[in-house]
Amino acid sequence: MIRFDALLVALVVASALGVVAAQHHARKLFTELERQQARAHGLEVEWGQLQLEQSTWAAHARVEKLAREKLGMRPPVSAQVIVVEPQS
Amino acid sequence: MSKQRPVTFNHNPLLKRELPAWRPRFVLLALLGCSLALVGRAAYLQGINNAFLQAKGESRYARVIEVPATRGRITDRNGDMLAVSTPVRSVWAIPSDAKLEPADTRKLAALLEMNVAELNDRLSSGRDFVYLKRQLSPDLAERIAELKLPGIHQQQEYRRYYPGGEVTAHMLGFTGVEDKGQEGIELAYEKILAGAPGSRRVIKDRRGQIVEDVESIRPPREGEDVVLSMDGKIQYLAYTALRDAMQEHKAKAGAAVVLDARTGEVLALANAPTFNPNNRSNLTGAQLRNRAFTDAFEPGSVMKPFIVGMALERGKVKPSTVIDTAPGRMTIGTATISDSHRMGALTVAEVIQKSSNIGTVKIALQFSPDEMWHLFEQLGFGAPLNLGFPGETGGRVRPAKSWRPIEQATMSYGHGISMSLIQIARAYMVFARDGELIPLSLTKVDGLPSNGRRVFSPQTVKEMRAMLETVTEAGGTATRAHVAGYRVGGKTGTALKIEGGVYTKKYVASFVGFAPASNPRLVVAVMIDEPTAGGYYAGTVAGPVFSRIMEGSLRTLGVAPDKPLAPLQLARKPGEVATATQARENM
C-alpha cells in the first residue's frame, strides 16, 4: 500500500516538473516569436525607408538635372527622330 | 495525613487567585471573536468576492498593449512611391527627473540641434511632461537613447514623407502630426489609407519582457495602399511647364490637368503656386489652393465649341455656313458685345478658328435658354464631379428661367457662367471620345469604362475636331499650341476676371485641347490666372504650356505620331531611310 502511494507521489512530482518545464519552454518559444515578429516589423519599416530613399534618388527633377548638366542630354529635335513602323 | 506534606504554593494565601469568574471567559470569547472575524474576512476575500482581488493581481503583470497599424502608401500608376509613412521618434522629458550634468546637457543639445539655454529652459519648466523635439530620425533617436540620460524618454510616431515634394503636393494633400489626412487624396481616401490599430492583452515578467499572449482583443487592420491614376512623369512635365510659364508671364496662379481620353483617368493635376508637403511651415492659403478643383472661373471662349457642336447636332448650321460678324459689334437690349477685331463674313469653322464672339452669339441665339441650359447640364457644368476630392466646386450655372437675352448671349462665349478647370477638361472629352462623356477617376482604372453618356453624335464630333484642329494651324488663335508630329485640336479662352461683381482689366488665359486628333488619346487643359508680362492672350500664354505638356505626355505614353514631323524619317529596313512623302503614303 505504501509502495503504491510512493509511486503515485513520484508520478505527481514528475508531472508537476513536466508542467513547469513545458511552461518554461512555451515562454521561451513565445519570446522567440515576439523577437521574430519585431524583426519582421523592423524589416518592413526599413523597406519603406529604402523605397523612400530610392524615390528620392530617382526623382524626376534630379534625373532631369543630371541628364542635362552632367551627361549633356537633351530631347531630340524632330530632324533626329526616326519612326519605326511595324511591317503590315 | 503523612508527615511529608509537599509544599503547595497554591495554598499560599499570597498567591491565591481572586479573579472574578467572567474574566477568562471574556478573554476566550474575545479571542474566538477575533479569529472568527479573520476567518470570515478570509472566506469573503477568497470565496465570495474574489474577482476584485484577482483582477488587481493580474493588473500587476498583465498589460493591454496597442498594436499600431501603418498608414497605406500612395503610389502612382507605375508603382512609384508618392507618399510613405515611416516611424520617427519624439523625445520627451520629465523635468523633475531630468537632473543632467552640464556635459550631458551639451551632448543632448548638440544631438537635438538646440541651444543649451533653450534646452535648459525646457528642462526647468514646472510641467510633468515636455516634448524636447518631435519627429526625429531613428538613427538620431538611437544615439540619444545611448546616452542613457535620466528622465529623458522617447516615443514612436509616424511621419509621412512625400518624395515628389511640390510636384505632387496638391494632388496628394498631406497629413497632420497624428498621421490623419487633412487635404487632397490623403483626406479623400482617409478611410482606406488609415487602417485601425489593434490591441492585445499580454503578461509581462518583471523585466518587462512579454511572456504570454493572453488574448488578442483586436487585430490591427493595416492601411491599404492607394494606386493613383497619376503618371509621375506626366505630372512632373505638367508641373514644370506650368511653373516656367508662371515665371515667364509673372502670373498670379495657374493650373493644368491631363486626362486620359480612353479611360477618364486623371494623369496629372498641377497647380501653382505650390508648397513643399515635407516642410509646411510658413504656408499661405494661396499655396494650398488646388485651383483645378476648387476655383470656379469664367472660362471665356473655351465654351464656344459646345454651342457650335449643338448647332451642328441639331442641323442649324454646317461647318461651311457663312455668318456675317460685321461690323464687329452687336447690341442686345442695352448691352453691346464686340469682337477683338473686325472679321467680316466668316464660316462656322472660321468662327471657331478665329474665336469670334459675335459669330458664336448669332449661333447661340437660335436656341432657347432651356436648350442651352440642358446642354450645360449634360456637359456636367453647375454640379461638382463628386470625385471625393475635398472642396470640389461645381461652378455656377443659373437656372434658364432667369436668363435675360444678353446673358444667354454672353454665356455662349463663356461669361456669366463659371466652372473649374477639371470640369472643362472633362467636358472636352466629348470631342476626344466621339461624343461620349465618361466619369473621371483619380485612381487607376482597369479596363475601359462602359458607363458613358452620349452628348453629341460621332458625325458632329468629327466635324468639330476638324474645326478645332484649325485653331492650332496657320490663321488660328493658338498656333503656338501645335505639337510636332501630332495633329492637335483645341480652343483658347481669354476671359476678363470679375472682382466684386465688376469686370476688371485682369485676364484668365486658358487652353483646352486634345491629341492626336485622328484618334484622341489625351485631353490637356491649362489655365493661367492674371498673366502680367509677355502678353495676355490665351494663344501666347496658355498655348505653349499646352504644347509642352502634350508633346511630353504623348512621347511618355508612346503614342504613334499621326502627322509627319518635318522632315520625318521612317526606318523600315536597316540602312534604308524613307522620306516624309513616303511616310504619308504609308499611313
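Against the criterion of being in contact with a Leu (Cβ under 6 Å, 6 or more places away or on another chain), at pLDDT below 85 and not basic (Lys, Arg), A:Ser88 does not qualify. Kindly list the number of the only condition in (1) within 14 Å of another protein chain (Cβ to nearest Cβ); (2) of a type in the set (D, E, K, R); (3) within 30 Å of B:Arg200 (Cα to Cα); (4) touching a strand residue (DSSP E or B) at 6+ places or on another chain (Cβ under 9 Å) that fails for B:Asp76. Only one criterion in (1) within 14 Å of another protein chain (Cβ to nearest Cβ); (2) of a type in the set (D, E, K, R); (3) within 30 Å of B:Arg200 (Cα to Cα); (4) touching a strand residue (DSSP E or B) at 6+ places or on another chain (Cβ under 9 Å) is unmet by B:Asp76, namely (3).
Taking the range B:225-313 and the helices (runs of 4 or more DSSP H) fully enclosed by it, the elements with 2 or more residues that are of a type in the set (S, T, N, Q), surrounded by fewer than 23 Cβ atoms within 10 Å (Cβ to Cβ) and assigned by TED's automatic domain parsing to the domain that holds B:Tyr503 are at B:232-249. Only one of A:Val77, A:Val63 is closer than 23 Å to B:Tyr239 by Cα, within 13 Å of another protein chain (Cβ to nearest Cβ) and loosely packed, with under 11 Cβ neighbours inside 10 Å. Can you tell me which? Testing whether each residue is closer than 23 Å to B:Tyr239 by Cα, within 13 Å of another protein chain (Cβ to nearest Cβ) and loosely packed, with under 11 Cβ neighbours inside 10 Å leaves just A:Val77. Collect the residues in the range B:25-73 that are among the hydrophobic types (A, V, I, L, M, F, W, C), within 29 Å of B:Tyr158 (Cβ to Cβ) and outside any strand (DSSP E or B), keeping them in residue-number order. B:Ala69 - this is the single residue of the range B:25-73 that is among the hydrophobic types (A, V, I, L, M, F, W, C), within 29 Å of B:Tyr158 (Cβ to Cβ) and outside any strand (DSSP E or B). Checking B:Pro516 against (1) away from chain A (no Cβ under 14 Å); (2) at pLDDT 85 or above; (3) in contact with a helix residue (DSSP H, G or I) (Cβ under 9 Å, 6 or more places away or on another chain): exactly one of these is not met. Which one? All conditions pass for B:Pro516, except number (1). With respect to A:Ala14, determine if the residue is out of contact with any Gly (no Cβ under 9 Å at 6 or more places or on another chain), surrounded by 12 or more Cβ atoms within 10 Å (Cβ to Cβ) and either more than 9 Å from every other protein chain (Cβ to nearest Cβ) or outside any helix (DSSP H, G or I) (or both). When the stated conditions are applied, A:Ala14 does not pass them.
Here the helices (runs of 4 or more DSSP H) wholly within the range B:397-440 that include at least 3 residues being assigned by TED's automatic domain parsing to the domain that holds B:Gln366 and within 14 Å of B:Val361 (Cβ to Cβ) are B:405-412. A count restricted to the range B:327-341 and to residues that are surrounded by 13 or more Cβ atoms within 10 Å (Cβ to Cβ) and over 23 Å from B:Arg404 (Cα atoms) stands at 1.
Here B:Asp128 meets each of (1) touching a strand residue (DSSP E or B) at 6+ places or on another chain (Cβ under 9 Å); (2) in contact (Cβ under 8 Å) with a residue 12 or more places away in the chain; (3) part of a loop (DSSP other than H, G, I, E, B) with one exception, condition (1). Evaluate the range B:83-92: report whether one residue or more is among the hydrophobic types (A, V, I, L, M, F, W, C), closer than 27 Å to B:Gly391 by Cα and in contact (Cβ under 8 Å) with a residue 60 or more places away in the chain. Yes, the range B:83-92 has at least one match. Taken as a whole, the range B:387-395 holds at least one residue that is in contact with an Asp or Glu (Cβ under 8 Å, 6 or more places away or on another chain) and modelled with pLDDT of 85 or more.
Using the structure shown, decide if B:Tyr428 is within 14 Å of another protein chain (Cβ to nearest Cβ), crowded, with 18+ Cβ neighbours inside 10 Å and in contact (Cβ under 8 Å) with a residue 60 or more places away in the chain. The answer is no for B:Tyr428.
The rows are residues; the columns are (1) buried (at least 17 other Cβ atoms within 10 Å of the Cβ); (2) farther than 30 Å from B:Pro163 by Cβ; (3) modelled with pLDDT under 80.
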| site | (1), (2), (3) |
| --- | --- |
| B:Ala51 | no, yes, no |
| B:Ile74 | yes, no, no |
| B:Asn78 | no, no, no |
| B:Leu82 | yes, no, no |
| B:Val88 | yes, no, no |
| B:Pro95 | no, yes, no |
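Within the range A:67-74, does at least one residue satisfy the condition of being within 11 Å of chain B (Cβ to nearest Cβ), in contact with a helix residue (DSSP H, G or I) (Cβ under 9 Å, 6 or more places away or on another chain) and surrounded by 11 or more Cβ atoms within 10 Å (Cβ to Cβ)? No; the residues of the range A:67-74 include none that is within 11 Å of chain B (Cβ to nearest Cβ), in contact with a helix residue (DSSP H, G or I) (Cβ under 9 Å, 6 or more places away or on another chain) and surrounded by 11 or more Cβ atoms within 10 Å (Cβ to Cβ). For first residues located in the range A:28-54 and surrounded by 13 or more Cβ atoms within 10 Å (Cβ to Cβ), partners that are acidic (Asp, Glu) and lie 6+ apart or on another chain with Cβ distances below 7 Å form the pairs A:Phe30/B:Glu212; A:Phe30/B:Asp213.
Screening B:Glu146, B:Glu186, B:Glu157 for residues that are under 25 Å from the mean Cα position of the chain (by Cα), of a type in the set (Asp, Glu) and either outside the structural domain of B:Ala98 (by TED's automatic domain parsing) or under 30 Å from B:Ser96 (Cα atoms) (or both) leaves exactly one candidate, B:Glu157. Here A:Leu52, A:Leu43, A:Leu29 are screened, and the one residue that is under 27 Å from B:Pro163 (Cβ atoms), assigned to a helix (DSSP H, G or I) and within 12 Å of chain B (Cβ to nearest Cβ) is A:Leu52. Are any residues in the range B:136-152 surrounded by 14 or more Cβ atoms within 10 Å (Cβ to Cβ), at pLDDT 80 or above and not in a loop (DSSP other than H, G, I, E, B), and if so, which ones? Once the filter is applied, which keeps residues that are surrounded by 14 or more Cβ atoms within 10 Å (Cβ to Cβ), at pLDDT 80 or above and not in a loop (DSSP other than H, G, I, E, B), the range B:136-152 yields B:Leu136, B:Leu140, B:Ala141, B:Ile144, B:Ala145, B:Ile152.
For the range B:443-471, the candidate set comprises residues that are in contact (Cβ under 8 Å) with a residue 12 or more places away in the chain and among the polar types (S, T, N, Q); within that set, the residue that is surrounded by the fewest Cβ atoms within 10 Å (Cβ to Cβ) is B:Asn451.
The values are calculated or read from the model by the stated rules, or taken from the named source; none is laboratory data. Keep in mind it's a predicted model, so treat the numbers as computed, not measured. In this analysis, Cβ positions are derived from the backbone assuming ideal geometry, glycine residues included, and neighbour counts consider all displayed protein chains.
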